[in-house]
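Data block below; observations after.
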Amino acid sequence: MPLINFPDAPTDKRELEEGAAFSPRFDAHGLVTAVVTDAGDGHLLMVAHMNAQALALTLETGIAHYWSRSRRALWKKGETSGNFQRVVEMRTDCDQDAVWISVNVEGDHATCHTGRRSCFYRIVAVEGDAAVLKSDGSATLFDPAATYGE
């Protein structure tokens, strides 16, 4: 079990926004949003969620952990693919309901389960009266079927 415990969020707004206590404000599902960028070039890699255990393990180990809402399970990023995310820095926003994690990605540097560097590899465009998705040309860095199975 993680060693780090998080205090309840202060009721005083100034203390929450300016104080030194890291007291993440988990939502009704017990999660905070995590925005993840590459420490080297700032490229947006992914957006995920963390529960208290994932957040504590990330701080304790220096390797990013998340809560998978679809699998309803703790998820150590890179455990299957080898693309571990080593935390360089973590920040929180003003009201402590989101974190920004700057990471170095190991392995082939892919973050997305599709084999791409980033989960944000499609551009939303408007054609006529429809919104469509267009590829940004990102190549896959590994074969997802070989890594994760069918």
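Numbers for the structure displayed
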{"item": "Which listed residue, of HIS65, HIS113, HIS49, is modelled with pLDDT of 95 or more and more than 26 Å from GLU17 (Cβ to Cβ)", "result": "HIS65"}
{"item": "Test: residue in region 69-82 that is modelled with pLDDT of 95 or more and in contact with a Ser or Thr (Cβ under 7 Å, 6 or more places away or on another chain)", "result": "no"}
{"item": "Selection count, region 1-42, where residues are surrounded by 13 or more Cβ atoms within 10 Å (Cβ to Cβ), charged (D, E, K, R) and over 21 Å from the mean Cα position of the chain (by Cα)", "result": "1"}
{"item": "Count of residues meeting criterion [within 27 Å of HIS109 (Cβ to Cβ) and not aromatic (Phe, Trp, Tyr)] in region 126-150", "result": "16"}
{"item": "Condition met for ARG91 (without any contact (Cβ under 8 Å) to a residue 12 or more places away in the chain, out of contact with any Gly (no Cβ under 8 Å at 6 or more places or on another chain) and in a loop (DSSP other than H, G, I, E, B))", "result": "no"}
{"item": "Extreme residue, farthest from ARG72 (Cα to Cα), among residues of region 17-42 that are among the acidic types (Asp, Glu) and outside any loop (DSSP other than H, G, I, E, B)", "result": "GLU18"}
{"item": "Candidates LEU57, LEU45, LEU141 - the one that is assigned to a helix (DSSP H, G or I) and buried (at least 16 other Cβ atoms within 10 Å of the Cβ)", "result": "LEU57"}
{"item": "Selection status of ASP108, surrounded by 14 or more Cβ atoms within 10 Å (Cβ to Cβ) and either within 15 Å of the chain's Cα centre (by Cα) or among the basic types (Lys, Arg) (or both)", "result": "no"}
{"item": "Any hit, region 57-64, residues being closer than 17 Å to ASN104 by Cβ and among the small types (Gly, Ala, Ser)", "result": "yes"}
{"item": "Criterion violated by LEU59 - all others in (1) under 18 Å from the mean Cα position of the chain (by Cα); (2) free of Cβ contacts under 8 Å to residues at least 12 places away in the same chain satisfied", "result": "(2)"}
{"item": "The one condition in (1) in a helix (DSSP H, G or I); (2) of a type outside the set (Phe, Trp, Tyr); (3) touching a residue at least 12 places away in the same chain (Cβ under 8 Å) that ARG14 fails to fulfil", "result": "(3)"}
{"item": "Which numbered condition SER70 fails, given (1) assigned to a strand (DSSP E or B); (2) without any contact (Cβ under 8 Å) to a residue 60 or more places away in the chain; (3) over 28 Å from ARG14 (Cα atoms)", "result": "(1)"}
{"item": "Residue under evaluation ILE63, criteria (1) β-branched (Val, Ile, Thr); (2) under 19 Å from TYR148 (Cα atoms); (3) in contact with a strand residue (DSSP E or B) (Cβ under 9 Å, 6 or more places away or on another chain), criterion not met", "result": "(2)"}
{"item": "Residue under evaluation ILE101, criteria (1) closer than 23 Å to LEU3 by Cβ; (2) free of Cβ contacts under 8 Å to residues at least 12 places away in the same chain; (3) surrounded by 14 or more Cβ atoms within 10 Å (Cβ to Cβ), criterion not met", "result": "(2)"}
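The values are calculated or read from the model by the stated rules, or taken from the named source; none is laboratory data. Note that this is a predicted model, so its numbers are computed, not measured. A quick note on method: Cβ atoms are made from the backbone with ideal geometry, for glycine too, and the neighbour counts reach across all protein chains shown.
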